[in-house]
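**Q** Sharing a structure below in structure tokens format, with a few things to ask.
Read-outs throughout are calculated quantities, based only on the coordinates presented, and are distinct from any laboratory measurement. None of these values were measured; they are calculated from a predicted model. Here the Cβ positions follow ideal geometry from the backbone for every residue, glycine too, while neighbour counts run over all protein chains shown.
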Amino acid sequence: MNNAGNPHKDNLLTRRSGYAHWMTEQVRWSDTDMVGHVNNIAFAVYCETGRTHFMRKFVDKDANPRAMFLIAQLTVNFIGEINWPATIEIGTGVLSVGRSSCRVGQGLFDGERCVGSAESIMVMIDETTRKSCEIPDWARTYLSNFSIVAPS
């Protein structure tokens, strides 16, 4: 694993115990490449699936109030190979919340083995003006319930 970034943050993202939000995704044969392992695009798609399920509460048609978050940046770390068939568990949590954006962290697990991690910057926008806006307190409270914290 390349720890050129913040090794403390990378360690947080690779620990199963750091996540409160989980979902699973089946590895499809079409996710594999010519070498026989899951390709890099599929890693990003697994992260997108986990992230959208996590943020879905804010944008469901019946959500009241609503909050629209758009992805501004995605960094994916490829830690280990995945082969078909497999079930990937996607852990999603919040690294930090700013004025109008939040950093979402994720871990991809094949059993107990962390095979990838990701960090996304999500920006809240006004649905009408499409410009960034401040995250309301009710959304901050929800996001803080899923904080990824270091072990004590």
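**Q** If you wrap a convex hull around the Cα atoms of region 22-144, how much volume per residue is inside, in Å³?
**A** Details: hull volume 13.9 nm³, N = 123.
About 113 Å³ per residue, rounded to a whole number.
**Q** Could you order the peptides 84-93, 59-68 from most to least packed, using the average number of other C-beta atoms within 10 Å per residue? Before the final figure, lay out the partial values.
**A** Values: 84-93: 18.7, 59-68: 10.7.
So the order, starting with the most tightly packed, is 84-93, 59-68.
**Q** While we're on this one: Which of Val35, Ala20, Gly111 sits farthest toward the positive end of the charge dipole of the chain, with +1 on the Cβ of Lys and Arg and -1 on the Cβ of Asp and Glu?
**A** Farthest towards the positive end: Ala20.
**Q** Just to be sure I understand: with springs between alpha-carbon atoms less than 10 Å apart, which residue in Val27, Val45, Val35 has the highest mean-square fluctuation in the Gaussian network model of the chain?
**A** Per the Cα network of the chain with a 10 Å cutoff, Val35 tops the list.
**Q** Report the relative contact order of the chain, percent, no decimals, based on alpha-carbon pairs under 8 angstrom and at least 6 residues apart.
**A** Once normalised by length, the contact order is 28 percent.
**Q** Regarding region 69-135, what's the average projected area of the Cα-atom convex hull, expressed in nm²?
**A** Values: hull surface 21.3 nm².
Computing the convex hull of the Cα atoms and averaging its projections yields 5.3 nm².
**Q** With each pseudo-label sitting 7 Å past Cα toward Cβ, what's the Arg130-Met23 distance in nm, one decimal?
**A** About 2.5 nm separates the two model spin labels.
**Q** Show me the ranking of peptides 96-104, 141-149 by mean Cβ neighbours inside 10 Å, starting with the highest. Can you show the working numbers first?
**A** Details: 96-104: 17.1, 141-149: 15.0.
Those peptides, ordered most packed to least, come out 96-104, 141-149.
**Q** Compute the angle between helix 40-59 and the longest alpha-carbon principal axis of the chain, please, reported from 0 to 90 degrees and rounded to the nearest 10.
**A** Taking the Cα atoms of the chain, the angle to 40-59 is about 30 degrees.
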